[in-house]
Every structure is written in structure tokens, then in C-alpha cells.
Amino acid sequence: MEREKLRELAALIYPTRCPVCGEVIGANDCFCGKCTDILVRYEGSLGVKGSAGGAAAYEYHPNMSEAVMLMKRGVMGNAPFAFGTAIAERLREKGFDKADLLIPVPMFKRDLRRRGANQSLLIAEEVGRRLGIPVDGKSVVKSVETLPQKELRRAEREVNMQGAFTVTAPEAVKGKTIIVIDDLCTTGSTLAEMTAVLLGAGAAKVYCACACRAVEHTDERENENG
């Protein structure tokens, strides 16, 4: 309740806007009514190699692309709140909401400086608030600067992400059930690599969750993180 009041006060100065179309919405709303009607729930399985299960809030399609791409350009607005809320609801529905840690997909330090914030971390923080699960944004780092996934074909993305992540604090993940949080999943190569390094460091189980999951009608080259 306190956070809702804070959002209402903040909206008096900076009106809350729908992350898809930019229309002014209620301080604690996620999307405007029109965009809510056109968003498509993702009902399938993420199918991330090695994971114990996964969930995505929405299908990624042209109606959703603006919100995701704005985050990737460093313009966060209401998107982390909206996507984090939706992911938390979907994890509850699937029974994947009992975990020890949430770990967002990290960014390479140079990319983080350029963008100013890691959208996956901001989304994870909202998920954590709603599910009561702590967020660990430090125990896994992106230690290799990879090529942008959007420039690669499907077969190249898995190779591109191999060895990209390092668990810097194995003691923080050993024996833990972890949910990895990302904004967008296209081929699943990023989430699969995160899952592999966490299991390799001793995590008991790894689940994966994302705001949007690309489906067949989505151009596979649109995702930056994969």
C-alpha cells in the first residue's frame, strides 16, 4: 500500500504512461485499456535447456516491440513495473513462485554504462517485491562482451553466448532454487547459458522467466539479448 501511495505522489509530477503507446494511465496501472486488450498472453513453455521450468508474460509481437526496445535504449518508464507485475502473476499461476533468489540476466559493464540501467534487474526487483523473493544482481556477471544477438541468426546465437557469464559468488547460489529473469526470450540461448552456469556453480534448480517470448511470426533478428 505504501508503494502505491508513493507511485501516486510521483505521478503528480511525472504522469505514469503506458509503456506500449505512451498514453497517460493511472499511477498503479500497467498498461492502458486499449493496449491491454491487444496484448497476447504467452501460454506455452519457454523450453529453456537445463531449466526446471519457465514462464513468459506475453507473446512478443509488433504491438509489444516499442516497450521492449525503449528499455533496450535506456528508456524505462513504467515498463519494469508493468512487466514485473505480469511476470509475478504468471509465475504464481504456474506454481514457480517459490524460490530462494531472483537473478536478472546481467549486462556487460560497458553496455550498462551506455544504457544507464539493466532493464532485467529493474523487472526482477518488481517481481521480487510481489513474490517476496530477494534479488541478487551481483553474483553473476557478464564477463565477455558478445556480439549483439539481434545481428545473428538463430544457429549463431547459442555459440555467441557460450562462456559469456561467470558466477562470481558460488556460495550465494549453491543449493539454491533460482529464477532467472530476462526481458525478452527469442531462441532461449541467453537463458540456457545462465541456467548452465548456475547449475555448474551448484544451484539446486533454475527456473526462467521473461516479459516476452518470441513466437514463430516474430522476426528472429529483433532481439538484442536473445
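FYI, it's all coordinate maths here, none of it is from the lab. For clarity, every value in this text was computed on a predicted model and none was experimentally measured. Quick reminder, even Gly has a Cβ in these numbers, built from the backbone with ideal geometry, and neighbours come from all protein chains shown.
Miscellaneous remarks
- Rounded to 5, percent antiparallel among DSSP beta bridges of the chain: 20
- The ranking of E66, E125, E171 from fewest to most other beta carbons within 10 Å of each one's beta carbon is E171, E66, E125.
- The angle separating the long axis of helix 79-94 from the principal Cα axis of greatest extent in the chain is about 60 degrees.
- By the count of neighbouring beta-carbon atoms within 10 Å, fewest first, T186, T177, T16 end up ordered T177, T16, T186.
- The Cα-based radius of gyration and maximum Cα-Cα distance (Dmax) for the chain are 16.6, 48 Å.
- Max mean-square fluctuation residue, GNM over the chain, Cα-Cα springs under 10 Å, options L70, L121, L184: L70
- I38, I87, I13 arranged by Cβ crowding within 10 Å, fewest neighbours leading: I13, I38, I87
- Between P170, P134, P62, the residue with the greatest mean-square fluctuation in the GNM of the chain (Cα pairs under 10 Å linked by springs) is P62.
- Just checking the listed ones, R41, R17, R113: in the Gaussian network model of the chain with Cα springs under 10 Å, the one fluctuating most is R113.
- Using the Karplus relation 6.51 cos²θ - 1.76 cosθ + 1.60 with θ = phi - 60°, the per-residue 3J(HN,Hα) values for the stretch 56-69 come to 10, 6, 9, 6, 8, 8, x, 5, 9, 4, 5, 4, 5, 5 Hz, with x marking Gly and Pro.
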